[in-house]
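Peer 1: Sending over a structure as structure tokens; questions will come in a sec.
Every number here is computed from the coordinates shown, using simple stated rules; none is lab data. What you see is a predicted model, and the numbers here were worked out from it, not measured in a lab. Cβ atoms come from the backbone with ideal geometry, glycine included; neighbour counts cover every protein chain shown.
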Amino acid sequence: MKITCFDDFDALKGKEENKPVVIFVYWPDRTDDAGRTSKLYANCQKMIEVLANADVQSALRQCQCYKVNFQGLDKSRRKRYGVKSVPTLLFIDATGKVLKRLTSPRIKPASLVRLILTVVKKSDKNMEKLEKKRERAAEKAAEKAAEKERS
């Protein structure tokens, strides 16, 4: 699985490739103000261990994967995508709709694989609906244009 760090949500490539997008929102600081290992960081490391599982990696190949620093997210994007804590895995379909938000680092690899496969199926269905909607809109536009020519 290739993970790209990015700051521009508008540049997500899943839309171009008709693939769902998985965004891992993480906490980068190892220590808290008292110099101890940060609980946020430790939880993110647990999630990274789950994401590194071979079966999870295999399932994630069907998605575009991104990694985002929580501290780099502005409040409007946090609100828009419902990111309230870390770690967070966002599952966004190819139409841009958030399908699932996962915040527990305690998820088992097998459960995450099932979730990813469900998201991929749902994303495919949403893309089919969107394509049909676009086709109907194009047909209506063609009918209107033909009607206008006859007039």
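Peer 1: Please report the net charge: other residues with Cβ closer than 15 Å to the Cβ of Ala54, K and R +1, D and E -1.
Peer 2: Within the 15 Å Cβ shell, the charges total 0.
Peer 1: Another one. Taking only the alpha-carbon atoms of the chain, what semi-axes of the equivalent ellipsoid follow from 5 times the gyration tensor eigenvalues under a square root, in whole Å, largest first?
Peer 2: Semi-axes (√(5λ), whole Å): 38, 18, 11.
Peer 1: Pick out, in residue order, every one of the trypsin sites (Lys or Arg not before Pro) in the range 76-108 that is DSSP loop and has at most 13 other C-beta atoms within 10 Å; say none if there are none.
Peer 2: In loop regions of the range 76-108 (DSSP not H, G, I, E or B), the sparsely surrounded trypsin sites (Lys or Arg not before Pro) are Lys84, Lys97, Arg106.
Peer 1: Under 16 Å Cα-Cα from Lys108, which lysines qualify once same-chain neighbours fewer than 8 residues away are excluded?
Peer 2: By straight Cα distance, Lys108 reaches Lys46.
Peer 1: While we're here: Please give the Cα centre distance for the range 17-68 versus the range 91-151, rounded to the nearest Å.
Peer 2: When both Cα centres are located, 25 Å separates them.
Peer 1: Check cross-link reach from Lys125 to the lysines: straight Cα distance under 22 Å, and skip same-chain residues fewer than eight apart.
Peer 2: Straight-distance partners of Lys125: Lys13, Lys15, Lys19, Lys97, Lys100, Lys133.
Peer 1: For the range 5-123, what relative contact order do you get, as a whole percent, if you take Cα pairs closer than 8 Å and at least 6 residues apart?
Peer 2: Contact order relative to length: 37 percent.
Peer 1: Still on this structure: Straight distance only, please: which lysines reach the Cα of Lys148 with their own Cα at less than 20 Å, same-chain residues fewer than 8 apart left out?
Peer 2: Lys140
Peer 1: With 10 angstrom as the radius, rank Asp55, Asp93 by how many other C-beta atoms surround their C-beta, starting from the fewest.
Peer 2: Ascending number of Cβ neighbours within 10 Å: Asp55, Asp93.
Peer 1: A further question follows. Based on DSSP H runs of at least 4 residues, each adding -39500 (n - 2.57), what is the mean residue ellipticity at 222 nm of the chain after dividing by all its residues, to the nearest 500 deg cm²/dmol?
Peer 2: That comes out to -15500 deg cm²/dmol.
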